[in-house]
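*Asks:* This is the structure I have questions about; it appears just below.
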Amino acid sequence: MDRQIDKKIRIVILGGGINSAVGRAHLSALSIDRHFELVGGCFSLDNNERIDSINEYKLGKSFKDYSSLDEIIQDSSSYDLVLNLTPTTLHFSTNSKIASAGINFISEKM
């Protein structure tokens, strides 16, 4: 028997901005599933690209714009899971840092 998830999983995205090959696809998948609530993210270290991504993806005022992975880690009580969409060359260091902080995450690639 299928169990109904009563509470949405609050998710933060790292990477996946408008200049990313995978950002839009992952955002679409999250919305189709309807078990996730996108509460924030750091789409890029570049401030303009982050703002442009938030506007392009129509994420609204409640979306928290993080400027770095460190800021995401410091705010870990605000979400349940980090989705790592950074470039492949950054995955090991990024995943290691997230895991060392005791934060649940999904990585597009390991």
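The values are calculated or read from the model by the stated rules, or taken from the named source; none is laboratory data. Owing to the predicted nature of the structure, the values given are computational and were not obtained by experimental measurement. Backbone-built Cβ (ideal geometry, glycine too); neighbour counts: all protein chains shown. Heads up: the accessible areas ignore ligands, DNA and RNA and are worked out on the full protein's heavy atoms, side chains in. Shrake-Rupley method; radii C 1.70, N 1.55, O 1.52, S 1.80 Å.
*Asks:* So what is the accessible area of the chain per residue, in Å², with the probe set to 1.4 Å?
*Replies:* I get 63 Å² per residue for this part.
*Asks:* Rounded if a/c is under 1.5, else prolate if a/b is larger than b/c, else oblate: which is segment 10-81, with a ≥ b ≥ c the root eigenvalues of its Cα gyration tensor?
*Replies:* Because a/c hits 1.5 or more and a/b fails to exceed b/c, segment 10-81 counts as oblate.
*Asks:* For the chain, which whole percent of the accessible surface, found with a 1.4 angstrom probe, sits on carbon and sulfur atoms?
*Replies:* Of the solvent-accessible surface of the chain, carbon and sulfur hold 51 percent.
*Asks:* Cut-off 10 angstrom, C-alpha nodes, Gaussian network model of the chain. Which of Phe92, Phe43, Phe63 fluctuates the most?
*Replies:* So, out of Phe92, Phe43, Phe63, the one fluctuating most is Phe92.
*Asks:* Taking the Cα centre of the chain as the origin and placing charges on Cβ (Lys, Arg +1; Asp, Glu -1), which of Leu83, Ser67, Ile54 is farthest toward the positive end of the dipole?
*Replies:* Farthest towards the positive end: Leu83.
*Asks:* Mind telling me which of Ile11, Ile72, Ile98 comes out most flexible in a GNM of the chain, alpha-carbon contacts under 10 Å?
*Replies:* Ile98
*Asks:* Quick one: which residues, 5 or more positions from Phe36 or on another chain, have an amide H under 5 Å from its amide H? H modelled 1.01 Å from N in the peptide plane, none for Pro or chain starts.
*Replies:* Those lying under 5 Å, H to H, from Phe36 are Ile9.
*Asks:* With only Lys, Arg, Asp and Glu charged, each at its Cβ (+1 for the first two, -1 for the last two), find how big the charge dipole of segment 2-110 is about the Cα centre; round to the nearest 20 debye.
*Replies:* 240
*Asks:* Now a separate question. Scanning the chain for trypsin sites (Lys or Arg not before Pro) in DSSP loops with at most 15 other Cβ atoms within 10 Å, what's the longest stretch left with none?
*Replies:* Here the longest segment lacking exposed loop sites spans 62-108.
*Asks:* In a Gaussian network model over the chain where Cα atoms closer than 10 Å are linked, find which of Gly40, Gly17, Gly60 has the largest mean-square fluctuation.
*Replies:* Gly60
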